[in-house]
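Data first, discussion second: the structure below is written as structure tokens.
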């Protein structure tokens with residue numbers, strides 16, 4: 001649930017950044033002052049909890065998410081109003097996070113909400129540039145849900161989602177995929193016996209249970 005909240009808050013903050021960048025003259029100083037104070041509070045909370053190790057009972061709160069989003073909220077306005085070079089460099093860091101969001105949206109949202117860069121360590125390389133990985137978040141909250149992604153350097157895209165598996169496969173191969181469907185074959189070795197699972201489903205809408 002917190003990951004969905006992170007996506008919503010971040011996207012809203014990006015929109016607010018663009019509005020502030022375009023209409024900075026129409027945004028009152030009290031609004032900017034209030035958001036700036038909140039931003040400094042979130043920064044102080046991050047430093048206190050994760051650097052000074054003060055009051056770990058509040059470390060579960062997504063302070064980094066609030067810090068980044070509040071920075072986005074005010075950076076559009078302050079980039080247009082401020083002439084201080086160091087301050088402008090600090091403010092430009094927040095909209096630059098959008099580059100990470102575009103390249104690796106799942107890992108970015110996971111990091112700013114949970115402070116874990118790669119919370120799911122399972123990754124199975126199949127043929128060519130295709131990998132089977134655990135899906136970070138689902139509507140049902142089920143942890144045994146996987147996805148197939150296609151990687152090219154730093155860029156990756158999901159071609160299959162919501163694959164439900166009861167067992168973690170040892171190997172697999174993507175037999176074929178096109179715009180309408182995909183054929184995925186997974187294997188699980190148990191006591192020298194190779195279990196095979198064949199998945200045929202529509203692309204981007206896979207709901208499959210395996211043995």
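Summary of computed values
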| item | result |
| --- | --- |
| Residues of the range 23-54 that turn out to be part of a helix (DSSP H, G or I) and under 13 Å from residue 75 (Cβ atoms), as a count | 5 |
| Residues located in the range 72-87, provided they are part of a helix (DSSP H, G or I) and either touching a strand residue (DSSP E or B) at 6+ places or on another chain (Cβ under 6 Å) or under 13 Å from residue 21 (Cα atoms) (or both) | 72, 73, 74, 75, 76, 77, 78, 79, 80, 81 |
| Selected residue (only one of 24, 4 is in contact (Cβ under 8 Å) with a residue 40 or more places away in the chain, more than 15 Å from the chain's Cα centre (by Cα) and either more than 18 Å from residue 98 (Cβ to Cβ) or loosely packed, with under 13 Cβ neighbours inside 10 Å (or both)) | 24 |
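Rundown of residues vs (1) modelled with pLDDT under 90; (2) surrounded by 15 or more Cβ atoms within 10 Å (Cβ to Cβ); (3) under 14 Å from the mean Cα position of the chain (by Cα); (4) assigned to a helix (DSSP H, G or I), yes/no style:
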| residue | (1), (2), (3), (4) |
| --- | --- |
| 67 | no, yes, no, yes |
| 94 | no, yes, no, yes |
| 99 | no, no, yes, yes |
| 121 | yes, no, no, no |
| 128 | yes, no, no, no |
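The values are calculated or read from the model by the stated rules, or taken from the named source; none is laboratory data. Quantities reported herein were computed from a predicted structural model and do not represent experimental measurements. Glycine also receives a Cβ, built like all others from the backbone with ideal geometry; neighbour counts cover every protein chain displayed.
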